[in-house]
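What follows is a single structure, written as structure tokens, with notes after it.
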Amino acid sequence: MNEWPLLIFTLLVQASVGMALIGALGGYWLRRTLTAEQCFLALRPLMLLAPILAAIGLLASVMHLGYPLNAFHALRHVASSWLSREILLASLYLGIVGLAALLALLTRRAYPSLLLLGGLVGLADVGCMAGIYINSAVVTWMHLNTAVAFYGTVFTLGMMLGVVTLCRRPVSPPLMQRLLLTALLGCIATAAAHWLVTPGYLHFLAQAVQPVTLPFDAVAAFLHSAPLRMASAALLMAAIALMVLLLYPTHQRATVLPRSGIMVAAVLVLLAQAGSRYAFFTLH
Amino acid sequence: MSTFQEFPPVSDRQLGFFIDSSRCSGCKACQVACKDKNNLEVGRRFRRVYEVQGGGFIPTGNGGLRNNVFAYTLSISCNHCSDPVCTKNCPTTAMHKRPGDGIVRVNTDKCVGCGYCAWSCPYGAPQLNTETGQMSKCDFCIDLQANGDVPVCVATCPLGAIKFGPIEELRARYGTLSDVNGLPDSTLTRPNLVVKAHQGAQQEVNNDE
């Protein structure tokens, strides 16, 4: 596997989009109970981390290019190239979440609407990312499964990172529970979508004819990565189970969620997504 | 960055290759000549000779065996497709199809070296030049054609198994087959390629009929 820059880029940008979305949602919830200053303090780490992750991701993507000096030409083919569209939307996304962070720091107020706008542009960007791989000649990428995997990172890793940054003072325990529940639902929805799409994906791979002319054997790589893919799925399940355990005792009485538990769940999700993405990019 | 040299169209009609797979011995002289002419390092091959094999032994039910074993070689380069996915997916428009002769080339003044064309082409034609960090591919020996010469693979083949010319003429003379075992479905990119199939190359098609 030599696509580390793309692995880092896709994971970080998708995670950043998920953070922006849960940041927008959390921002609307926080505004009901906290002052503008408290709201700003609660959202500040998320509003800083989301653009930083996206910026690191975009920098990593430049490492993938063989001749980055021509990078400005990469926006010339928006009409037909998913890669051009993706670069355009990723830059726009970074601009919006960067602007949201800058405005927040200057005015000491949170801007959930800007985060929401950024999150929606980010979702479109993730769609373009999936379009790049679905419209290639790599059989293991040419399926709806790719979009499910990419959006899955948004709703698992992104939301979990968002919850990690938000679940601290002055956010109230009930709101922390609601945020963690949102991330849990994101993880469950992702796992369910993955299970729904997998039978069709495996059928698609079984039917696919692999030409001798391709310089890689994607199906062989897919079969070879089975242990890693299974481990990634098991890690996501473990994270879901942990989040259920964290939320269960607080069902009836409002207690503070153990932050260490949320961190462990986030690390499990991170490992699951990184493993799954490593398998995705392994072609040899 | 390698210098990109533009050439005027060498034909007013789409050019293509004819590969006589039934005649190809797999000597790889075309591949070696191409590497030599383009000064390609180990691993980079604008023309590639593949060996395709398949079939097996089937019991007749009367104590005998019937076989449909086949193995043949197939010389493939860029097919300068009529609907090239590489040009459609290229974000910079560096990968472009020329008007007139229809040759697909990489403009290295624009290429960013993202490699998306390599992931897009089902024939494996675009390949990374690790020295310049940009993509490279068969350009139909446009420099030779501009001087009235023939592509080096065509000139080299000792069996005369590779021919080139306007694809309409090649199809009128040799037929329209470009789907054989081992190659991708021609409807994906509409390659300007005509193949005279070796025995077994159309095995699956025949079995279906």
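The values are calculated or read from the model by the stated rules, or taken from the named source; none is laboratory data. Treat the numbers as computed from the prediction; the structure is a model and nothing was measured. Glycine also receives a Cβ, built like all others from the backbone with ideal geometry; neighbour counts cover every protein chain displayed. Side chains included, ligands, DNA and RNA excluded: accessible areas come from the protein's heavy atoms. Shrake-Rupley method; radii C 1.70, N 1.55, O 1.52, S 1.80 Å.
In segment B:3-106, with Lys and Arg counted as +1 and Asp and Glu as -1 at Cβ, which of these residues, B:Cys78, B:Phe57, B:Asn38, has the Cα nearest the positive end of the dipole, that is, farthest along it?
B:Phe57
In a Gaussian network model over chain B where Cα atoms closer than 10 Å are linked, find which of B:Phe57, B:Phe18, B:Phe164 has the largest mean-square fluctuation.
Comparing B:Phe57, B:Phe18, B:Phe164 in the GNM, the peak value goes to B:Phe57.
Within 10 Å of each Cβ of A:60-67, how many other protein chain Cβ atoms are there on average?
5
Across the Cα atoms of segment A:5-98, what radius of gyration and what greatest pairwise Cα-Cα distance (Dmax) are found, in Å?
When restricted to Cα atoms, segment A:5-98 yields Rg and Dmax of 16.0, 51 Å.
What fraction, in whole percent, of alpha-carbon pairs in segment A:95-157 exceed 14 Å separation?
Roughly 63 percent, rounded to a whole number.
Would you please classify the overall shape of chain B from the alpha carbon gyration tensor, given that a ≥ b ≥ c denote the square roots of the eigenvalues, rounded means a/c under 1.5, and beyond that prolate means a/b larger than b/c while oblate covers the rest?
It comes out prolate by the Cα gyration axes.
Working from Cα positions, state the angle (0 to 90°, nearest 10) between the long axis of helix B:29-38 and the longest principal axis of chain B.
10 degrees
Just to compare against my own numbers: the Cα pair-distance distribution for the protein assembly as shown, 20 Å bins, whole % per bin, please.
With a bin width of 20 Å, the distribution comes to 22, 44, 25, 9, 0.
What is the distance, in nm, between label points placed 7 Å from the Cα along the Cα-to-Cβ direction at A:Ala189 and at B:Arg190?
For the pair A:Ala189/B:Arg190, the computed spacing is 4.1 nm.
Using the Cα centre of segment A:141-284 as origin and beta-carbon charges of +1 (Lys, Arg) and -1 (Asp, Glu), tell me which of A:Gln273, A:Leu247, A:Met230 is placed farthest towards the positive end of the dipole.
A:Leu247
Using a probe of 1.4 angstrom, how much of the accessible area of segment B:50-209 is carbon and sulfur, in percent?
Roughly 48 percent of what the probe reaches on segment B:50-209 is carbon or sulfur.
Give me the 1.4 Å probe accessible area per residue for segment A:82-127, excluding ligands and nucleic acids, in Å².
43 Å²
Using the alpha carbon gyration tensor of segment B:41-90, what are the three equivalent-ellipsoid semi-axes (square root of 5 times each eigenvalue), largest first, in whole Å?
39, 15, 8
Rounded, prolate or oblate: which fits chain A when a ≥ b ≥ c are the square roots of the eigenvalues of the alpha-carbon gyration tensor, with rounded for a/c under 1.5 and prolate only if a/b beats b/c?
Oblate, since a/c reaches 1.5 and b/c is not below a/b.
Grab the beta carbon distance between B:Gln53 and A:Leu75, set R0 = 60 Å, and tell me the FRET efficiency rounded to 0.05.
Here the calculated transfer efficiency is 0.85.
Calculate the dipole size of chain B relative to its Cα centre from +1 charges on Lys and Arg beta carbons and -1 charges on Asp and Glu beta carbons; express the result in debye to the nearest 20.
Dipole about the Cα centre, nearest 20: 200 debye.
Enter the mean number of other protein chain beta carbons within 10 Å of the beta carbon of each residue in A:72-82, as an integer.
The per-residue average across the peptide is 6.
Output the peptides A:46-53, B:31-38 sorted from most to least packed, where packing is the average of other Cβ atoms within 10 Å over each peptide's residues.
Going by the mean number of other Cβ atoms within 10 Å, highest first, we get A:46-53, B:31-38.
Under a point-charge model restricted to the Cβ atoms of Lys and Arg (+1) and Asp and Glu (-1), what is the dipole moment magnitude of the protein assembly as shown relative to its Cα centre, in debye to the nearest 20?
Its charge dipole is roughly 1520 debye.
Residues of B:104-117, mean number of Cβ from any other protein chain within 10 Å of their own Cβ, rounded to a whole number?
Partner-chain Cβ atoms within 10 Å, mean over residues of B:104-117: 5.
Counting only protein heavy atoms, what percent of the accessible surface of segment A:59-186 is carbon or sulfur at a 1.4 Å probe?
74 percent
Just check segment A:50-206 against the gyration tensor rule for me: Cα atoms, a ≥ b ≥ c as the square roots of the eigenvalues, rounded for a/c under 1.5, and otherwise prolate or oblate depending on whether a/b exceeds b/c.
oblate
Quick one: dipole size for chain A, taken about the Cα centre, charges +1 on Lys/Arg Cβ and -1 on Asp/Glu Cβ, in debye to the nearest 20.
960 debye
Nearest 0.05, what FRET efficiency do A:Ala241 and A:Leu120 give at R0 = 35 Å with Cβ-Cβ as r?
Efficiency, from the Cβ-Cβ distance: 0.65.
For every helix of n ≥ 4 consecutive DSSP H residues, a contribution of -39,500 (n - 2.57) applies; sum these over the protein assembly as shown, divide by its total residues, and give [θ] at 222 nm rounded to the nearest 500 deg cm²/dmol.
-17000 deg cm²/dmol
Kindly compute the accessible surface that chains B and A hide from a 1.4 Å probe when together, both sides summed, and give it to the nearest 100 Å².
Interface between B and A: roughly 2400 Å².
Under 17 Å Cα to Cα from B:Lys28, which aspartates and glutamates show up? Leave out anything in the same chain fewer than 8 places away.
Straight-line reach from B:Lys28, under 17 Å: B:Asp20, B:Asp36, B:Glu41, B:Glu51.
Could you tell me which of A:Leu48, B:Pro126, A:Ala218 has its Cα farthest along the dipole of the protein assembly as shown towards the positive end, charges placed at Cβ (Lys, Arg +1; Asp, Glu -1), taken about the Cα centre?
A:Leu48
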